[in-house]
Amino acid sequence: MMLLLHSEATKFGVLVRTELVADLPRVMGDRVQLQQVLMNLMMNSIDAMTDVDGMREMTIQSQRGDDGEVLISVSDTGVGLPPAQADKIFNAFFTTKTHGTGMGLRISRSIVESHGGRLWAADNSPRGARFCFTLPTKAEAFDSVSGQQALT
């Protein structure tokens, strides 16, 4: 995703940093769907910084979560979450963009949840937003409802 979105970030003067842990456990999942989630979060971050004065920085982090799952986050120094509507950003058709469909975060959350994970948003201090999602590791990727192994 870094290579794919490099020119978009450069076009808007966004510095992209990565803080990726090297020895994370593997996760089970549909690679294309998970790339779609990451691309949506990264594009939203770039969009949130296009009209911001000062430093424009997006940070992508990976680490082990509290419960042993993999935690991925995309944070930015953009306009931040809409204060009175932060709880609505994952609703279908809700958008703060002029030409947005309001489906990107809803679809992203559905994808993450279908993989047994969770997607949420928080403020990024001192300014901007941080979107985080967890995915179970390969050892944890067991569907308790059907007893089937998760997607590979």
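In this structure, does Val27 turn out to be in contact with a Ser or Thr (Cβ under 9 Å, 6 or more places away or on another chain), over 26 Å from Gly116 (Cβ atoms) and β-branched (Val, Ile, Thr)? Considered against the rule, which asks whether it is in contact with a Ser or Thr (Cβ under 9 Å, 6 or more places away or on another chain), over 26 Å from Gly116 (Cβ atoms) and β-branched (Val, Ile, Thr), Val27 comes out as no.
If you go through the stretch 2-53 and keep only what is closer than 20 Å to Glu69 by Cβ and part of a loop (DSSP other than H, G, I, E, B), you end up with Val21, Ala22, Asp23, Leu24, Pro25, Arg26, Met28, Gly29, Asp30. For residues in the stretch 39-81 being open to solvent by 10 Å² or more (accessible area, probe 1.4 Å) and acidic (Asp, Glu), which is modelled with the highest pLDDT? Among them, the one singled out is Glu57.
The values are calculated or read from the model by the stated rules, or taken from the named source; none is laboratory data. Note that the coordinates shown come from a computational prediction; the quantities given were computed from them, not determined experimentally. Don't worry about glycine lacking a Cβ; one is built from the backbone with ideal geometry, like all the others, and counts go over all protein chains shown. When the accessible area is computed, the model is the full protein with side chains, heavy atoms only, and any ligands, DNA or RNA have been set aside. Shrake-Rupley method; radii C 1.70, N 1.55, O 1.52, S 1.80 Å.
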